[in-house]
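Asker: So that we are looking at the same thing, I have put the structure below in structure tokens.
Computed from the coordinates by the stated procedures, all read-outs in this text should not be read as laboratory data. Quantities reported herein were computed from a predicted structural model and do not represent experimental measurements. All Cβ positions, even for glycine, are placed from backbone atoms using ideal geometry, and neighbour counts span all protein chains on display.
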Amino acid sequence: MKIGIIREGKVPIDKRVALIPAHAAALKNSYNCEVVVQPSSIRAITDKEYVNHGIALQEDMSDCDVLFGVKEVPIQDLIPNKTYFFFSHTYKQQPYNAKLLSACIDRKIRLIDYELLKKNGNRLVAFGRFAGLVGAYNGLRGWGEKYGQYALKPAHECRDMQEMFDQLKGIDWPADLRILLTGKGRVASGAVETLQAAGIPEITPKEVNTFEGCFWSQLDVKHYYKTSDGSPFDRKSLFADPSGYESNFMRYAPFAKLYIAGHYYDSRAPFIFTREDAKLPDFAITCVADISCDIDGPVASTLRASTIADPFYGYLAAEEKEVRHDDPEAIGVMAVDNLPCELPRDASLSFGNDLMAHVIPALFDGDKDRILFRATECENGALTKDFEYLQTYIDQA
């Protein structure tokens with residue numbers, strides 16, 4: 001088997017890679033296969049680093065059997081009759097990628113989507129932790145920019161996560177920096193790491209309305225949602241059918257100033273806070289770091305995604321429109337939708353570790369646990385059985 005690590009071709013550019021040099025070398029030695037890497041001038045890990053680990057550079061990937069990327073591969077770069085691993089963003093029928101999936105079928109590509117690689121219902125590889133790490137950092141940075149109380153170096157200008165954390169040392173956090181974090185998954189866990197590195201005191205949700213001074217508090221779904229009829233909260237019931245639930249976020253919103261949205265959002269669920277909520281006199285939040293970044297969705301201030309180069313804008317609740325981030329009447333918004341790209345070296349290391357531990361073995365053991373099988377959207381010129389529902393989606397491409 002010959003495995004190729006392709007360069008990223010999507011715009012805006014992505015500096016991450018699925019397998020770093022150490023992973024590529026371990027793969028080559030452990031499974032006695034050939035591994036090559038496509039040269040790239042944008043990747044955070046240089047060509048020389050791969051060469052130093054004994055991995056050959058190769059421009060033409062047409063003789064590889066399996067190709068690993070990160071983001072969507074541009075249609076013009078797809079090589080027929082290959083197995084590809086990348087985030088295709090197609091299984092939810094995202095309209096902007098229908099032509100990509102159609103091209104994979106036309107070219108008889110086996111498409112394995114990272115997002116669908118699961119065991120016992122749990123995802124095996126993801127960048128969520130790094131979205132949380134950087135998203136929380138950007139939230140703190142945005143506060144500093146909005147109020148001029150301190151300045152933080154942009155995460156993407158830091159060599160790695162440690163340098164980013166080093167920026168948080170020695171800051172005298174202002175007393176009114178009172179932070180709410182929603183979620184308990186990988187994204188929220190990453191945000192927790194950043195808040196802990198900052199040395200900001202953690203309190204329980206019960207203390208939010210009485211605690212004085214700077215704090216952060218993590219709200220689970222049982223805190224920010226409640227039943228509409230006042231009956232006891234039931235997590236399984238909410239996840240199965242959220243129609244009988246409503247937001248309970250306003251219980252906490254009068255007592256905090258920075259909100260970090262790190263939850264997973266089901267489109268059937270109630271909004272966390274609405275545009276009308278943001279207009280209420282006791283809505284005290286003035287900065288939002290929306291890591292989830294659902295446009296015009298559960299976090300009312302998120303009007304659009306922002307960019308790594310220009311991460312902040314303002315939301316004027318009274319007029320429901322975008323204004324300058326530093327407008328004194330506006331809620332400051334950070335809604336970058338590709339946050340892991342800001343720490344590409346660390347994110348690539350973590351992602352590759354998961355690939356090597358949980359996915360790569362399936363390429364060589366006959367996929368005995370059917371991990372690859374369940375994540376394959378198409379092969380041999382057709383959609384696989386579990387993804388036949390996408391036929392109408394691609395017919396309309």
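Asker: Below 8 Å between Cα atoms, with a sequence gap of 6+, how large is the relative contact order for the stretch 128-342 in percent?
Answerer: Reported relative contact order: 22 percent.
Asker: Averaging over every viewing direction, what projected area does the convex hull of the Cα atoms of the stretch 21-92 cover, in nm²?
Answerer: With the hull built on Cα positions only, its mean projection is 5.7 nm².
Asker: Based on the Cα atoms of the stretch 128-342, what semi-axes does the equivalent ellipsoid have, where each is the square root of 5 times one gyration tensor eigenvalue, given in whole Å with the largest first?
Answerer: On the way: eigenvalues 133, 69, 61 Å².
They are 26, 19, 17 Å, listed largest first.
Asker: Which aspartates and glutamates, if any, have their Cα less than 16 Å from the Cα of K257, not counting same-chain residues under 8 positions apart?
Answerer: Cα-Cα hits under 16 Å: E145, D176, E202, E207, E212, D277, D282, D290, D326, D327, E329.
Asker: As an exercise, use a Förster radius of 51 Å and the Cβ-Cβ distance of H89 and T210 to find the FRET efficiency, rounded to the nearest 0.05.
Answerer: Plugging the Cβ-Cβ distance into 1/(1 + (r/R0)^6) gives 0.70.
Asker: Can you give the relative contact order of the chain as a percent, counting alpha carbon pairs under 8 Å and 6+ residues apart?
Answerer: 19
Asker: Once you have a ≥ b ≥ c as the square roots of the Cα gyration tensor eigenvalues for the stretch 265-343, tell me rounded if a/c is under 1.5, and otherwise prolate or oblate according to whether a/b is larger than b/c.
Answerer: Since a/c reaches 1.5 but b/c is at least a/b, the shape of the stretch 265-343 is classed as oblate.
Asker: Would you work out which of P39, H23, G9 lies farthest towards the positive end of the dipole of the chain? Charges go on Cβ: Lys and Arg +1, Asp and Glu -1.
Answerer: So the residue furthest toward the plus end is H23.
Asker: A 24 angstrom limit on the alpha carbon distance is what I want to check against. Which of K71/K119; K92/K385; K118/K226; K184/K206; K92/K222 exceed it?
Answerer: Distance filter (> 24 Å) returns K118/K226; K92/K222.
Asker: Roughly how many nanometres apart are two label points built 7 Å out from the Cα toward the Cβ at F364 and S267?
Answerer: Spacing of the two 7 Å Cα→Cβ label points: 4.0 nm.
Asker: Full extension from T307 to Q149: what is 0.36 nm times the residue separation minus their Cα-Cα distance, to one decimal in nm? Present the calculation step by step, with values, prior to reporting the outcome.
Answerer: On the way: separation 158, 0.36 × 158 = 56.88 nm, distance 2.30 nm.
Computed gain between T307 and Q149 is 54.6 nm.
Asker: Cα to Cα, under 17 Å, and not fewer than 8 places away if on the same chain: which lysines meet these conditions relative to K169?
Answerer: K153
Asker: Could you tell me the calculated FRET efficiency between A318 and D63, based on Cβ-Cβ distance and R0 = 51 angstrom, to the nearest 0.05?
Answerer: Numbers: r = 61 Å, r/R0 = 1.20.
In this case the efficiency is close to 0.25.
Asker: Let me ask something else. At a 10 angstrom cut-off on C-beta neighbours, averaged per residue, how do the peptides 283-294, 27-38 rank from highest to lowest?
Answerer: In decreasing order of mean packing, 283-294, 27-38 become 283-294, 27-38.
Asker: Just from the alpha-carbon atoms, what are the Rg and Dmax of the stretch 164-239 in angstroms?
Answerer: 14.9, 47
Asker: Return the FRET efficiency for the residue pair A357, N52: r is the Cβ-Cβ distance, R0 is 30 Å, and the value is rounded to the nearest 0.05.
Answerer: Calculated value: 0.80.
Asker: Is the shape of the stretch 87-212 best called rounded, prolate or oblate, per the rule: a/c under 1.5 gives rounded, else a/b larger than b/c gives prolate, else oblate, with a ≥ b ≥ c the square roots of the Cα gyration tensor eigenvalues? Show your work: numbers first, answer last.
Answerer: Numbers: a/c = 2.78, a/b = 2.09, b/c = 1.33.
Judged from the Cα gyration tensor, the stretch 87-212 comes out prolate (a/c at least 1.5, a/b above b/c).
Asker: Compute, for the stretch 298-397, the length of the dipole vector about the Cα centre, with Cβ point charges of +1 (Lys, Arg) and -1 (Asp, Glu) only. Units Debye, rounded to 20.
Answerer: Around 260 debye, computed over the stretch 298-397.
Asker: Distance in nm between label sites at S243 and K99, each 7 Å beyond Cα in the beta-carbon direction?
Answerer: 3.8
Asker: Per residue, how much space in cubic angstrom lies within the convex hull of the C-alpha atoms of the chain?
Answerer: It is 151 Å³ per residue.
Asker: Here's another thing I want to ask about it. On the Cα set of the stretch 246-397, report Rg and Dmax in Å, please.
Answerer: 20.8, 61
Asker: Follow-up question, since we're still on this one. Would you calculate the separation in nanometres between label points at N29 and R235, each defined as 7 Å from the Cα along the Cα-to-beta-carbon direction?
Answerer: 4.2
Asker: Something else about it: Using only helices, what value at 222 nm comes out for the chain when you add -39,500 (n - 2.57) per DSSP H run of length 4 or more and divide by the total residues, to the nearest 500 deg cm²/dmol?
Answerer: Numbers: 13 runs with 104 residues, N = 397.
The helix contribution divided over the chain gives -7000 deg cm²/dmol.
Asker: Can you list residues from other chains, or at least 5 along the same chain, whose modelled amide H is less than 5 Å from the amide H of V17?
Answerer: S348
Asker: In addition: With +1 assigned to the C-beta of every Lys and Arg and -1 to the C-beta of every Asp and Glu, and no other charges, what is the dipole magnitude of the chain about the Cα centre in debye, to the nearest 20?
Answerer: Once rounded to the nearest 20, the dipole reads 740 debye.
Asker: Express the relative contact order of the stretch 2-115 as a whole percentage, based on alpha carbon pairs under 8 Å and six or more residues apart in sequence.
Answerer: Computed value for the stretch 2-115: 26 percent relative contact order.
Asker: Here's another thing I want to ask about it. Length gain on complete extension for the stretch D220 to R123, per 0.36 nm per residue less the alpha carbon to alpha carbon distance?
Answerer: Result for the pair: 32.9 nm of gain on full extension.
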